[in-house]
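K.L.:
This structure is in structure tokens; I'll ask about it shortly.
The values are calculated or read from the model by the stated rules, or taken from the named source; none is laboratory data. Since the model is a prediction, treat every value here as computed from it, not as a measurement. Glycine also receives a Cβ, built like all others from the backbone with ideal geometry; neighbour counts cover every protein chain displayed.
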Amino acid sequence: MRRATVDGNAVERLIAREIETFQARTPRCRQILERARRVLPLGVPSTFQEHPPYPLYVSRGQGSHVWDVDGNEYLDYHLGFGSLAVGHAHPRLVEALSERLRRGSMFAMATEEAVLVGEELCRRFGLEMVRFSNSGTESTMDALRLARGVTGRDLIVKIEGSYHGHHDYVMVSVKPGPDELGPLDHPASIPLSTGIPAAVAAMTLVVPFNRPEGLERALREHEGKVAALIIEPVMMNLGIVHPAAGYLEAIRRITREHDVLLVYDEVKTGVTIAPGGACERYGVQPDLVCLAKSIGGGITIGAFGGRRELMEHVRPGDVAHQGTFNGNPLAMTAALVTLTEILTADAYERFERQEERLVSGCQEIIREHGLPMYSTGLGAKGCVMFAPEPLMDYRDYLRIDKDLAYLHWLYFMNRGVFMPPGLDEQWTLSVQHSDEDIEAHLAVFREFARDVTAA
Ligand code: PMP
């Protein structure tokens, strides 16, 4: 295979050109930003929404498309950071949610729909009981409290470079700098934010992905003190990093041997890589599963669940779990319609087919141009990884070509394809994406590949 050298100066020049184009296309966004910065730190409700050159303000979405406030239309592969496998304004959701609004959208009491959604999630993920929350963050926080409550232990283990939401327990070694990492056999626990008590960060141990021996060592060194390992079975906050063959089986065996609960964070993988997420796709069952994003069809939701004997600890005097909006009627109606009417077996077949075309199409273009990258994906999720060889863990990720990744994002945005920003994210497909949408994505990637190798 031919391997092109991508000239760093040419990439820099292209980035400057594309930023100019971006600015010329989005004057209204800049105007709003000025006003927004007076009331919202960085001008946005969530720091993830801020990305250079500046955040876009979106006005509407329909099907596989979104529009910004400047009127630019985009084919949407961002899909709310992977929360919209149903696509925008799905007619069945519009109908069901309108009807729900007319009948009242909030009681802070259970509805029958909550029971039906609970049953469906149990069926899909091999669980016996679930509880609802309002976000991925709440789900991982609640699952970890449950794990600590059940085991009576304080320590948790997480994977270096993984993101599990913005509560203190897990905001540790999310994206540590190369100088902070510590040795591979004893990675440091580095808080991502000020305001996280050192004592809390110290209760979160860190191990590398895809190295069962690292987990084994940590559990041996802290025998009897670790409540749980929390892990994304496929890392989807480093692009996509797959579990090596046998890795999930190994961590299942090791956690069992040390009486440590295995908690899957399936906030992203959940109903996107298979009807029953990674639990189904890899056939290795954890003790607890955390869900959010796409299970709610675009309405705020979270859930966590597991075996009855664990979940029954949720009761007064034992593990606390509550929330005014837990299982609210809008979220439950949206989830029920999403899970039972939209994300059907046909939808998953279609995701697989379109994903195969998109990944193999990107691979072909990469090969043709000799780019130092690869494309990978599964189910409705995929990406181009800006490294020549498949990544194994976070330390590999540090070697990714950040400038090329940024240029790639700018190219897509300026050519009407909305992509999640940064190196960490991946595209998501929705049931409303057409085969033409896949070809349109490939056309932009082809142009990018041609331009970065033309210099
Ligand atoms: N876990 C994972 C794997 C995630 O990707 C995210 C969000 N990107 C979260 C948890 C947190 O979810 P939320 O933003 O809904 O709190």
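K.L.:
Considering each residue of the stretch 171-185, count those that are over 20 Å from residue 423 (Cα atoms) and either surrounded by 14 or more Cβ atoms within 10 Å (Cβ to Cβ) or within 16 Å of the ligand (Cβ to nearest atom) (or both), and give that number.
P.N.:
First, the residues of the stretch 171-185 that are over 20 Å from residue 423 (Cα atoms): 182-185.
Filter once more, keeping what is either surrounded by 14 or more Cβ atoms within 10 Å (Cβ to Cβ) or within 16 Å of the ligand (Cβ to nearest atom) (or both): 182.
The qualifying residues number 1.
K.L.:
Please list, ordered by first then second residue, the pairs with beta carbon atoms under 8 Å, 6 or more apart or interchain, first in the stretch 32-56 and farther than 24 Å from residue 73 by Cα, second outside any helix (DSSP H, G or I) and away from the ligand (no atom under 16 Å from the Cβ).
P.N.:
42/55
K.L.:
Only one of 193, 162 is within 26 Å of residue 423 (Cα to Cα), of a type in the set (Ser, Thr, Tyr) and touching a residue at least 40 places away in the same chain (Cβ under 8 Å). Can you tell me which?
P.N.:
Values: 193 fails: touching a residue at least 40 places away in the same chain (Cβ under 8 Å).
Result of the check over 193, 162: 162.
K.L.:
Restricting the search to the stretch 431-440, which residues are surrounded by fewer than 16 Cβ atoms within 10 Å (Cβ to Cβ) and not in a helix (DSSP H, G or I)?
P.N.:
Of everything in the stretch 431-440, just one residue is surrounded by fewer than 16 Cβ atoms within 10 Å (Cβ to Cβ) and not in a helix (DSSP H, G or I), namely 434.
K.L.:
While we're here: Can you tell which of 51, 78 is buried (at least 21 other Cβ atoms within 10 Å of the Cβ) and either within 16 Å of the ligand (Cβ to nearest atom) or at pLDDT 95 or above (or both)? Talk me through it step by step, then tell me what you get.
P.N.:
Details: 51 fails: buried (at least 21 other Cβ atoms within 10 Å of the Cβ).
Exactly one residue qualifies, and that residue is 78.
K.L.:
Name the single residue, out of those in the stretch 196-253 being farther than 30 Å from residue 381 by Cα and crowded, with 21+ Cβ neighbours inside 10 Å, that is nearest to the chain's Cα centre (by Cα).
P.N.:
Start the filter on the stretch 196-253 by keeping residues that are farther than 30 Å from residue 381 by Cα, which leaves 196-203, 216-227.
If we keep only those that are crowded, with 21+ Cβ neighbours inside 10 Å too, we end up with 218-219, 226-227.
On the way: 218: 26, 219: 27, 226: 26, 227: 24 Å.
Here the answer is 227.
Let's see how each residue does on (1) surrounded by fewer than 19 Cβ atoms within 10 Å (Cβ to Cβ); (2) away from the ligand (no atom under 12 Å from the Cβ); (3) in a strand (DSSP E or B):
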position	(1), (2), (3)
98	yes, yes, no
101	yes, yes, no
107	yes, yes, no
127	no, yes, no
132	no, yes, yes
138	no, no, no
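K.L.:
Then there's this: Taking the conditions exactly as written (in a helix (DSSP H, G or I), outside the structural domain of residue 415 (by TED's automatic domain parsing) and surrounded by fewer than 24 Cβ atoms within 10 Å (Cβ to Cβ)), does residue 153 satisfy them or not?
P.N.:
No: the conditions fail for residue 153.
K.L.:
In the list 377, 422, which residue meets the criterion of being touching a residue at least 40 places away in the same chain (Cβ under 8 Å), surrounded by 19 or more Cβ atoms within 10 Å (Cβ to Cβ) and closer than 30 Å to residue 177 by Cβ? Can you show your working first?
P.N.:
Details: 422 fails: surrounded by 19 or more Cβ atoms within 10 Å (Cβ to Cβ).
When all the criteria are applied, what remains is 377.
K.L.:
So residue 299 fits all but one of (1) within 13 Å of the ligand (Cβ to nearest atom); (2) under 19 Å from residue 123 (Cβ atoms); (3) of a type in the set (A, V, I, L, M); what number is the exception?
P.N.:
It is condition (2) that residue 299 fails.
K.L.:
A further question on this structure: Can you confirm whether the stretch 29-40 contains a residue that is closer than 27 Å to residue 290 by Cβ and either in the same structural domain as residue 322 (by TED's automatic domain parsing) or acidic (Asp, Glu) (or both)?
P.N.:
So the first thing to find is which residues in the stretch 29-40 are closer than 27 Å to residue 290 by Cβ, and the list is none.
No, the stretch 29-40 contains no residue that is closer than 27 Å to residue 290 by Cβ and either in the same structural domain as residue 322 (by TED's automatic domain parsing) or acidic (Asp, Glu) (or both).
Matching residues to (1) at pLDDT 95 or above; (2) within 19 Å of residue 161 (Cα to Cα); (3) not in a loop (DSSP other than H, G, I, E, B):
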residue	(1), (2), (3)
360	yes, no, yes
363	yes, no, yes
375	yes, no, yes
382	yes, yes, yes
392	yes, yes, no
396	yes, yes, yes
399	no, yes, no
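K.L.:
A further question follows. May I ask you to say which residue of 405, 449, 443 is surrounded by fewer than 18 Cβ atoms within 10 Å (Cβ to Cβ), in the same structural domain as residue 17 (by TED's automatic domain parsing) and part of a helix (DSSP H, G or I)?
P.N.:
On the way: 405 fails: surrounded by fewer than 18 Cβ atoms within 10 Å (Cβ to Cβ); 449 fails: surrounded by fewer than 18 Cβ atoms within 10 Å (Cβ to Cβ).
On inspection, the qualifying residue turns out to be 443.
K.L.:
Out of the residues in the stretch 257-269 that are touching a residue at least 40 places away in the same chain (Cβ under 8 Å) and within 16 Å of the ligand (Cβ to nearest atom), state the one that is farthest from the chain's Cα centre (by Cα). Even if it seems obvious, please write down each step before you answer.
P.N.:
The initial filter retains those residues of the stretch 257-269 that are touching a residue at least 40 places away in the same chain (Cβ under 8 Å), namely 259-261, 263, 265-269.
Now restrict to residues that are within 16 Å of the ligand (Cβ to nearest atom): 263, 265-269.
Values: 263: 16, 265: 9, 266: 8, 267: 6, 268: 4, 269: 7 Å.
That would be 263.
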